[in-house]
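*Asks:* This is the structure I want to talk about, given as structure tokens.
We did not get these values from a lab; they are worked out from the coordinates using the rules stated. Because the structure is a prediction, the values reported are computed rather than measured. Quick reminder, even Gly has a Cβ in these numbers, built from the backbone with ideal geometry, and neighbours come from all protein chains shown.
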Amino acid sequence: MYVERFNLAGRVAVVTGAGQGIGLACCEALCEAGAAVVLTDISAERAEAGRAALAEKGHSVEAAVIDIGRSESINAVADRLASTGRTADILIANAGIAHAGVPAEDLSDADWERMIGINLSGAFRSCRAFGKHMLAQGRGSIVTIGSMSGSIVNRPQQQAHYNAAKAGVHHLTRSLAAEWATRGVRVNCVAPTYIDTPLLTFAKEDKPMYDQWLDMTPMHRLGLPAEIASVALFLASDASSLMTGSVVAADAGYTCW
């Protein structure tokens, strides 16, 4: 009974920003659970590389290009799937950017607006585009990827724009969950700690900062993409059927202190 609740056979899942890192791991987890997966990325090359990497592991996925900064790009994929009878049952809204090290007083309007535009507005655009079709069919599960930075202020790096964007993702998740709760669509969020992905390559080159990160983490380590994908799989599946509007910390204990 319980293991079966993780079974996603017959469901269509879309993952944004899935050419590498957390997004690619989410695709693999969804494939293993039986979903038909559409792997999307802003880069056609990355999307194809991700598709090929999963094919080597025996998983067949569809690759597509989505630029979450453009509503028409997201809508095109969401509408195409629905028009061919493959309305997305699951969305993992993972695509985003990271940028730190600029004091708030020195942040340019362009840097602020780019961060909010991609990480927060892009998440909204994705939820809106796929959520419309989920609402029309009366079922669906959306998982946003937030961050522990949406709940705390990181040290030592300065990243007010990133923190604000991820806090917005958390509350967007709750807001959509409340609006759509009686219409069959659940919306939940995973809030990771620092995850060992290509986006964090720079951090390992800054030993004092990296050491401080580990010192502030009770488990004293970075997370792995698969550890976030496992939580996303749970939230996407019927195993979490009573959950909506939840922000699940997967942070190695970071927010305990």
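*Asks:* Per Stokes-Einstein, at 37 °C and 0.692 mPa s, what whole-number D in µm² s⁻¹ belongs to the chain, with the Kirkwood radius over Cα pairs as the hydrodynamic radius?
*Replies:* D, rounded to a whole number, is 180 µm²/s.
*Asks:* Can you sort Tyr2, Tyr194 by how many other beta carbons sit within 10 Å, fewest first?
*Replies:* Tyr2, Tyr194
*Asks:* Could you list Cys256, Cys31, Cys26, Cys189 in order of exposure, starting from the residue whose Cβ has the fewest other Cβ atoms within 10 Å? Provide the component values of the computation, followed by the final result.
*Replies:* Values: Cys256 9, Cys31 20, Cys26 32, Cys189 29.
So the residues, fewest neighbours to most, are Cys256, Cys31, Cys189, Cys26.
*Asks:* Continuing with this model, one more query. Quick check: residue separation of Arg174 and Asp196 times 0.36 nm, minus the Cα distance between them. What number comes out in nm?
*Replies:* Gain on stretching Arg174 to Asp196: 5.2 nm.
*Asks:* If you don't mind, another one. For Asp111 and Cys256 in the same chain, what is the full-extension length gain: residue separation times 0.36 nm, less their Cα-Cα distance, in nm? Before the final figure, lay out the partial values.
*Replies:* Values: separation 145, 0.36 × 145 = 52.20 nm, distance 3.05 nm.
The span from Asp111 to Cys256 would gain 49.1 nm if fully extended.
*Asks:* On a 0 to 90° scale, report how tilted helix 225-236 is relative to the longest principal axis of the chain, with both axes built from alpha carbons and the result rounded to the nearest 10.
*Replies:* Taking Cα atoms only, the helix is inclined about 40 degrees.
*Asks:* Here is a further query. With a 10 Å cut-off between alpha carbons and a GNM built on the chain, which of Gly140, Gly117, Gly85 moves the most?
*Replies:* Gly85
*Asks:* Then there is this: Using Cβ counts within 10 Å as a stand-in for footprinting exposure, how do Ile42, Ile90 rank, fewest first?
*Replies:* Ile42, Ile90
*Asks:* Same structure again: Taking only Cα atoms, what is the 0 to 90° angle, nearest 10, from helix 121-137's long axis to the longest principal axis of the chain?
*Replies:* 20
*Asks:* Moving on. Taking the chain as the reference, fit the longest principal axis to its C-alpha atoms, fit the long axis of helix 21-32 to the helix C-alpha atoms, and give the angle between the two in degrees, 0 to 90, nearest 10.
*Replies:* Helix 21-32 sits roughly 30 degrees off the main axis of the chain.
*Asks:* While we're looking at this one, here's another question. Using 0.36 nm per residue, how much length does the chain from Ala181 to Leu224 gain when fully extended, once their Cα-Cα distance is taken away?
*Replies:* The span from Ala181 to Leu224 would gain 12.4 nm if fully extended.
*Asks:* Go ahead and run the numbers for FRET between Glu4 and Asp79, Cβ-Cβ distance against an R0 of 35 Å, rounding to 0.05.
*Replies:* 0.65
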